[in-house]
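The values are calculated or read from the model by the stated rules, or taken from the named source; none is laboratory data. Quick caveat: nothing in here was measured; it's all calculated off a predicted structure. With ideal geometry, Cβ positions are generated from the backbone for all residues, glycine too; neighbour counts draw on all protein chains shown. SASA here: full protein model, heavy atoms, side chains in, ligands and nucleic acids out. Shrake-Rupley method; radii C 1.70, N 1.55, O 1.52, S 1.80 Å.
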Amino acid sequence: MIDIKNCPSSLQEGFDTYSPKGSKLLFSTAKVSPILDFHIDEFGDGGDIADAMRRISVSGVQEKFPALVENGRIRIARDGERSTHILKPAPWDRTLRDRKLIPANEHLTMQIASQVYGIQTAANGLCFTPDGHAVYITRRFDISPAGNKLSMEDFASLVGRNEQLAGSQFKYNSCYEDIAKAIRRNVAAWMVDMERFFTLVVFNYIYANGDAHLKNFSLILDGQDYRLAPAYDLLNTSLHVDGDDFGLDGGLSPDIETSDVYDRTGHPCRLDFERFATKIGLVGKRADKILDGFMTLPEMAGHLIERSFLSEKMKRTYLRIINERISRFCRPEKG
């Protein structure tokens with residue numbers, strides 16, 4: 001059995017189950033058990049999944065199960081039922097380092113994004129199999145309170161990338177400026193969502209999410225207009241696989257002059273993100289305010305890492321990786 005000492009959703013201290021606040025946000029109900037009454041078997045490898053591992057993707061090879069809550073218990077949705085949640089156990093692939101901690105990694109990274117940086121995210125948490133294995137659970141934001149499915153499109157579709165045109169790795173075949181252009185084309189209040197998008201791009205770099213590809217950003221219909229969907233699939237991929245700084249082959253933009261730091265070290269610094277902000281139409285003072293928030297590790301982020309369900313060793317590694325990214329980010333240009 002798992003020894004729960006902090007809320008498996010909000011990571012609030014002193015709870016052996018979901019806190020009232022965490023439960024309401026994740027389930028819209030006061031009492032849900034974090035212990036599943038069933039096991040989720042790991043799946044063996046198959047050709048399509050093995051082929052995907054040629055890239056750095058972690059979430060792309062993760063099995064996902066539709067779920068809902070009934071009588072205070074989480075269960076798998078049956079055929080024909082509209083699920084309200086998604087369950088993601090640890091991926092089957094044993095080449096991933098510390099793969100069984102991937103659910104805890106994603107949960108922690110999503111909580112940091114939301115609680116520390118104010119990034120709108122899908123409600124999320126952890127639940128546990130009877131033998132104590134962590135399973136990531138997220139609430140579907142494309143299902144309305146009335147149970148209707150909301151229209152949603154990912155940016156692979158919006159920028160015109162698909163397997164037929166660009167091959168099996170199509171979702172990586174772009175740059176973040178392409179997403180920004182699609183936001184301007186499709187979102188009426190584009191400036192507000194551009195700031196949200198920019199914040200998320202910087203967050204993904206600092207928190208080493210090397211799997212932030214086209215299908216991990218989406219627009220969702222909000223009333224009569226499309227808006228940037230809440231963030232999802234955020235995790236520190238460097239804990240499990242070796243990869244590049246960005247999840248898209250083209251990086252921020254191929255048309256931006258790279259900083260001297262980028263040229264010397266192969267890693268971007270704040271100046272590169274400042275130039276990217278200008279390229280996508282953000283006001284300088286607004287972009288600076290966002291970037292200022294990533295110059296140091298916020299104390300609250302450290303607290304959340306400590307309260308997370310990662311192993312003690314993995315907590316230290318997670319923290320080291322983020323501090324290294326911040327150090328890169330803060331490197332000054334040579335005079």
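Looking for something among the polar types (S, T, N, Q), within 25 Å of ALA277 (Cβ to Cβ) and touching an Asp or Glu at 6+ places or on another chain (Cβ under 9 Å) - is there at least one such residue anywhere in the range 150-172? No: zero hits. Within the range 247-272, residues that are of a type in the set (Lys, Arg) sit with their Cβ atoms under 6 Å from residues that are not in a loop (DSSP other than H, G, I, E, B), at 6+ positions apart or across chains, in these pairs: ARG270/LEU291; ARG270/PHE329. Within the range 292-322, the set of residues being over 19 Å from the mean Cα position of the chain (by Cα) and within 18 Å of VAL201 (Cβ to Cβ) comprises ASP292, MET295.
Could you tell me whether LEU235 is closer than 30 Å to MET152 by Cα and either in contact with a His (Cβ under 6 Å, 6 or more places away or on another chain) or not in a loop (DSSP other than H, G, I, E, B) (or both)? Criteria not met by LEU235. Taking the listed residues ALA146, ALA104, the one that is modelled with pLDDT of 95 or more and not in a strand (DSSP E or B) is ALA104, with no other qualifying. With the condition kept exactly as written, say whether any residue in the range 191-211 is surrounded by fewer than 18 Cβ atoms within 10 Å (Cβ to Cβ) and in contact with an Asp or Glu (Cβ under 9 Å, 6 or more places away or on another chain). There is no residue in the range 191-211 that is surrounded by fewer than 18 Cβ atoms within 10 Å (Cβ to Cβ) and in contact with an Asp or Glu (Cβ under 9 Å, 6 or more places away or on another chain).
Does any residue of the range 204-211 turn out to be out of contact with any Pro (no Cβ under 7 Å at 6 or more places or on another chain), under 24 Å from ILE86 (Cβ atoms), among the acidic types (Asp, Glu) and in a loop (DSSP other than H, G, I, E, B)? Yes: one or more hits.
Exactly one residue out of ILE179, ILE183, ILE220 is in contact with a strand residue (DSSP E or B) (Cβ under 8 Å, 6 or more places away or on another chain), assigned to a helix (DSSP H, G or I), at pLDDT 95 or above and among the β-branched types (Val, Ile, Thr), and it is ILE183. Candidates are the residues of the range 160-180 that are surrounded by 15 or more Cβ atoms within 10 Å (Cβ to Cβ) and out of contact with any helix residue (DSSP H, G or I) (no Cβ under 7 Å at 6 or more places or on another chain); the one that is farthest from ASN209 (Cα to Cα) is ALA166. Of the helices (runs of 4 or more DSSP H) lying entirely inside the range 278-335, those containing at least 3 residues that are closer than 15 Å to ILE112 by Cβ and free of Cβ contacts under 8 Å to residues at least 60 places away in the same chain span 299-307, 312-329. Can you tell me which residue in the range 249-272 is most open to solvent (accessible area, probe 1.4 Å), limited to those that are touching a helix residue (DSSP H, G or I) at 6+ places or on another chain (Cβ under 6 Å) and under 23 Å from ASN216 (Cβ atoms)? The extreme case among them is ASP249.
Report, by residue number, each residue of the range 25-43 that is surrounded by 15 or more Cβ atoms within 10 Å (Cβ to Cβ) and farther than 17 Å from PRO130 by Cβ.
Matches in the range 25-43: LEU25, LEU26, PHE27.
Name every residue in the range 277-310 that is among the small types (Gly, Ala, Ser), surrounded by fewer than 14 Cβ atoms within 10 Å (Cβ to Cβ) and under 21 Å from LEU11 (Cα atoms), in order of residue number. Passing the criteria: none in range.
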